[in-house]
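The values are calculated or read from the model by the stated rules, or taken from the named source; none is laboratory data. Owing to the predicted nature of the structure, the values given are computational and were not obtained by experimental measurement. All Cβ positions, even for glycine, are placed from backbone atoms using ideal geometry, and neighbour counts span all protein chains on display. The protein model used for the area step is the full one, side chains on, heavy atoms only, and it has no ligands, DNA or RNA in it. Shrake-Rupley method; radii C 1.70, N 1.55, O 1.52, S 1.80 Å.
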Amino acid sequence: MDNKSLVSIDDYTKEEILEVLARAAEFEKNPNCNLLEGKVVASLFFEPSTRTRLSFETAISRMGGKIVGFTDSSSSSVTKGETLKDTTKMVSNYCDLVVMRHPIEGSARYASEVSDVPVINAGDGANQHPTQTMLDLYSIYKTQGTLENLNIFMVGDLKYGRTVHSLLMAMSHFNPTFHFIAPKELEIPLAYKIFMDNNNINYHEHTEFNDIINDADILYMTRVQRERFADPLEYEKVKNVYILKNDMLENTRENLRILHPLPRVNEIAVDVDANPKAYYFQQALNGVYARQAIIAKALDL
Amino acid sequence: MNAKKELQVSAIENGTVIDHIPAEYLFQVINILGLDTCGNSVTFGNNLGSDKLGKKAIIKVADIFFEDDEINKISLIAPHAKLNIIKNYQVVEKKIVESPDKVVGIAKCMNPKCITNVEEVTTRFKVIEKTPITLKCHYCEKITDHKHIEII
Ligand SMILES: [Zn+2]
């Protein structure tokens, strides 16, 4: 197993998180370099994710690397029925680094064990998406100047949202206070509450989305999806409750920034976009710098 | 009372008696320990009365003395099992089964979307809770609780 791989956000210690964020800031100042000159990165997208793939490919291109791979398994040369093990073994012989997106949970950890080169997980089903978490952390760090002692408000689908869970785990190094705003059906899972209790992390749960956000430093919005509800009536009841509108921001803190992993549907009203506290589009750009830093670390560059 | 219980399955000269196995898991315990394929004499009794378990099973294996690692594998399904080591018809040592810290290749991950249920991958779990035993998958990171533990 290659310990240079990044499969789960827990693979990074607090120090490593800070090291990668500092590196991301350097890449933001000077995005173009030739650190990956002569290197080949395999970009294996077993399911399509245009946003994540373009972000990785931009990061690799700006570092002077070459990319081989496929953008979804149906259009690729991956033979139907070939195991993940065989594909990974073959590809890792060709390249210096594997970036992998796969719908099956745990596939990235397994690939990192059979691969001869480091594997960066670009999402394995509902499990982990650590580069998203690093770009979220970089966005928080950049806009707040620190990760320590912040009031983090998370809104929407806190039950299934993997970005929420990974961000929670990563922020737990930095003495946060969490506020979770969600319908009962989509509340933060018990396992995370136990984790926070065991680690003395302050958290509060709310079902109403109102002026409690006036204390927020970060407002992390997620989408409430219809298919998460067994009872369609329950969805109808809550579907318009967790929508952020511009007038709700009137008395919020100056330093508040609104994050969203994108794509958004209607959970942030369009009138919020012009508010200087809206940060979700810059957040996406930060992903390129965060991924450059993660790649550099994986290859010891 | 002990004497009466010992009579429920015939005595062995040398070997191991595994007692307090939940009756429904007798055959899985035999499987995990590989007793179905070993050449030694193995006798068992099932659906015997037990105050603790309702119905229990006992296995007696002649001339086999298990390593701790090996016997601890059965803790997933028989956490209260007790071992009597027999030499010359006498109990010379008693042991209890302990939950291991890691479980490799014995249990199934309960997450149907886990790579271990899609491809031939040896399952690996961290034991995050010993009573009741709770497993966290090394691959998909999901929890399999004691009610859902399925032996491969
Ligand atoms: Zn699993």
Item to complete: Among the candidates B:Glu120, B:Glu141, single out the residue that is within 8 Å of the ligand (Cβ to nearest atom), under 25 Å from A:Asp86 (Cα atoms), over 20 Å from the mean Cα position of the chain (by Cα) and at the interface with chain A (Cβ under 10 Å from one of its Cβ atoms).
Response: B:Glu141
Fill in: Qualifying positions in the range A:89-123 - more than 16 Å from the ligand (Cβ to nearest atom) and within 11 Å of chain B (Cβ to nearest Cβ)
A:Val114
Item to complete: Please name all residue pairs, on different chains or six or more residues apart, with Cβ atoms under 8 Å, provided the first residue is in the range A:257-280 and is closer than 17 Å to A:Val241 by Cα and assigned to a loop (DSSP other than H, G, I, E, B) and the second residue is open to solvent by 50 Å² or more (accessible area, probe 1.4 Å) and at pLDDT below 95.
Response: A:Arg264/A:Arg223; A:Val265/A:Arg223; A:Glu267/A:Arg223
Worksheet item: Would you call B:Asn117 touching a Cys at 6+ places or on another chain (Cβ under 7 Å), under 30 Å from A:Gly106 (Cβ atoms) and open to solvent by 20 Å² or more (accessible area, probe 1.4 Å)?
Response: yes
Worksheet item: For the range A:47-65, what are the residues that are crowded, with 22+ Cβ neighbours inside 10 Å and not in a helix (DSSP H, G or I)?
Response: A:Met63, A:Gly65
Item to complete: Evaluate the following for B:Thr123: is it under 30 Å from B:Phe65 (Cβ atoms) and either open to solvent by less than 80 Å² (accessible area, probe 1.4 Å) or out of contact with any Phe, Trp or Tyr (no Cβ under 8 Å at 6 or more places or on another chain) (or both)?
Response: yes
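Could you tell me which residue of the range B:10-59 is farthest from B:Ser75 (Cα to Cα), considering only residues that are among the hydroxyl-bearing types (Ser, Thr, Tyr) and touching a Lys or Arg at 6+ places or on another chain (Cβ under 8 Å)?
Here is the first cut: in the range B:10-59, the residues among the hydroxyl-bearing types (Ser, Thr, Tyr) are B:10, B:16, B:25, B:37, B:41, B:43, B:50.
Narrowing further to those that are touching a Lys or Arg at 6+ places or on another chain (Cβ under 8 Å): B:10, B:16, B:43, B:50.
Values: B:Ser10: 25, B:Thr16: 16, B:Thr43: 20, B:Ser50: 18 Å.
So the residue we want is B:Ser10.
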Worksheet item: helices (runs of 4 or more DSSP H) wholly in the range A:79-166 with at least 1 residues that are outside the structural domain of A:Met63 (by the TED database), touching a residue at least 24 places away in the same chain (Cβ under 8 Å) and not charged (D, E, K, R) - which ones?
Response: A:130-144
Discussion item. Looking only at the range B:74-105, filter to residues that are β-branched (Val, Ile, Thr) and within 14 Å of the ligand (Cβ to nearest atom); which one of those is least open to solvent (accessible area, probe 1.4 Å)?
Written reply: B:Val103
Item to complete: Identify all residues within the range B:123-138 that are more than 12 Å from the ligand (Cβ to nearest atom) and hydroxyl-bearing (Ser, Thr, Tyr); write none if there are none.
Response: B:Thr131, B:Thr134
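Residues checked against (1) outside any helix (DSSP H, G or I); (2) on the phi > 0 side of the Ramachandran plot:
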{"position": "A:Asn3", "(1), (2)": "yes, no"}
{"position": "A:Glu15", "(1), (2)": "no, no"}
{"position": "A:Gly38", "(1), (2)": "yes, yes"}
{"position": "A:Ala42", "(1), (2)": "yes, no"}
Practice prompt. Check B:Ile152 against each of (1) within 12 Å of the ligand (Cβ to nearest atom); (2) loosely packed, with under 15 Cβ neighbours inside 10 Å and name the one condition it does not meet.
Written response: (1)
